[in-house]
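Reviewing the structure listed below.
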Amino acid sequence: MKTSTRNEKSDVNLVNLIERFASEEQCREQLAELRWPNGVECPRCECKSISTITTVGKFECNACRYQFTVTAGTIFHDSHLPLRKWFLAIYLMIKSKKGISANQMKRTINVCYETAWYLCHRIRAAMRDVNCELLKGIVEVDETYVGGKTRGMGRGYKGNKAIAIGAVQREGKIRLQVIRHADRATLHKFIAENTDPKTEAIYTDELPAYLGIADEDTRHESVCHSAEEWVRGDVHTNGIESVWSLLKRSIIGSYHQVSMKHLDAYLDELEHRFNNRHNKFLFRDTLLKLVKAEKLPYQELTRAA
């Protein structure tokens, strides 16, 4: 089994990814190392007394006699796609700053469009942060509307658009979410769920729905965009607005269009990449997320909203 990458200076680049994981055996060794860092364990009874059936690439539990592979019970288990293509798809998604479309994935790893689309969505689902840490210090909050133009409607028409709310900690992480309405209750709930109660300050624009989020530990300040006020001292929302700019460039330049049903998944992908922008072991850590992720059935993805 390969040694861990934890003591190396960096994770992988495209060249050594292809060299290190050229065969299914090499890919399985990497998955086994991530899934069972303390030795192979039976997924059924958790026994650590395991025999290896090298001829068929399986393990057998010496206690319950259950035979299994390293992919058993993982997101990879029901996939007919070679693991080396999974690995390449993961790398392309985490290294593409503006994302990669299913069509581009299809051409790059030589699969059909449906396989590429399903593959990308399963990787996005695994990227989702669960029980994420709260933002603190100075936090910027802003909302944006995502969607195309409607023929015959004015420039300010928003009936065909989805609303996304975001928060960014200065020099820190972001939290993104799709919401139904940009009303006071919804915005305050998002802020309460994603910021530390002792956050120093929350900066927003002048939207009245943000009023009242300050308390004895946290001050609230805003900039008035309608009056052409963008920065006042250190009060601004430039950080979160740059995230929205990146999202919209991704939609226009990479995806071309995004289903409103799946917008949350694209936000999860953007959040994962942004929050790990300084992570030298992003490939390994993303792969570990997939090893631990729950399965995402195709029927669930294609089910009507």
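The values are calculated or read from the model by the stated rules, or taken from the named source; none is laboratory data. These figures come from a predicted structure and were not determined experimentally. When we count neighbours, we look across all protein chains shown, and the Cβ atoms used for this are built from the backbone with ideal geometry, even at glycine. SASA here: full protein model, heavy atoms, side chains in, ligands and nucleic acids out. Shrake-Rupley method; radii C 1.70, N 1.55, O 1.52, S 1.80 Å.
Some points to look at:
- Subset of segment 82-141 [charged (D, E, K, R), free of Cβ contacts under 8 Å to residues at least 60 places away in the same chain and outside any helix (DSSP H, G or I)]: Glu133
- Test: residue in segment 89-100 that is over 16 Å from Tyr255 (Cα atoms), modelled with pLDDT of 95 or more and either open to solvent by 60 Å² or more (accessible area, probe 1.4 Å) or within 17 Å of the chain's Cα centre (by Cα) (or both): yes
- Output for segment 54-66, where each listed residue is surrounded by 14 or more Cβ atoms within 10 Å (Cβ to Cβ) and out of contact with any Cys (no Cβ under 7 Å at 6 or more places or on another chain): Lys58, Phe59, Glu60
- Gly154 part of a loop (DSSP other than H, G, I, E, B), small (Gly, Ala, Ser) and either under 20 Å from the mean Cα position of the chain (by Cα) or at pLDDT 95 or above (or both): no
- Test: Ile240 is open to solvent by less than 20 Å² (accessible area, probe 1.4 Å) and at pLDDT 90 or above: yes
- Residue among Ala192, Ala214, Ala185, Ala164 that is in a loop (DSSP other than H, G, I, E, B), hydrophobic (A, V, I, L, M, F, W, C) and at negative phi: Ala214
- Sub-7 Å Cβ pairs linking a first residue in segment 268-282 that is in contact (Cβ under 8 Å) with a residue 24 or more places away in the chain and part of a helix (DSSP H, G or I) to a second residue that is open to solvent by less than 40 Å² (accessible area, probe 1.4 Å) and among the β-branched types (Val, Ile, Thr), at least 6 apart or interchain, are Glu271/Ile174; Arg273/Ile94; Phe274/Ile174; Phe274/Val243; Asn275/Ile174; Leu282/Ile94, ordered by first then second residue.
- Residues that are closer than 13 Å to Ser96 by Cβ and either among the acidic types (Asp, Glu) or under 10 Å from the mean Cα position of the chain (by Cα) (or both) within segment 249-273 comprise Tyr266, Glu269, Leu270, His272, Arg273, listed in sequence order.
- Only one of Asp78, Asp11 that is of a type in the set (Asp, Glu), at pLDDT below 95 and open to solvent by less than 50 Å² (accessible area, probe 1.4 Å): Asp11
- If the condition is being modelled with pLDDT of 95 or more and surrounded by 15 or more Cβ atoms within 10 Å (Cβ to Cβ), then segment 180-190 contributes Arg184, Thr186, Leu187, His188, Phe190.
- From Glu206, Glu193, residue being open to solvent by 40 Å² or more (accessible area, probe 1.4 Å) and either more than 13 Å from Asp142 (Cα to Cα) or in contact with a Gly (Cβ under 7 Å, 6 or more places away or on another chain) (or both): Glu193
Yes/no matrix, rows are residues, columns are (1) open to solvent by less than 60 Å² (accessible area, probe 1.4 Å); (2) out of contact with any Asp or Glu (no Cβ under 9 Å at 6 or more places or on another chain); (3) not basic (Lys, Arg):
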position: Ile202; (1), (2), (3): yes, no, yes
position: Leu211; (1), (2), (3): no, yes, yes
position: His220; (1), (2), (3): yes, yes, yes
position: Ser245; (1), (2), (3): yes, yes, yes
position: Leu263; (1), (2), (3): yes, yes, yes
position: Leu267; (1), (2), (3): yes, yes, yes
position: His272; (1), (2), (3): yes, no, yes
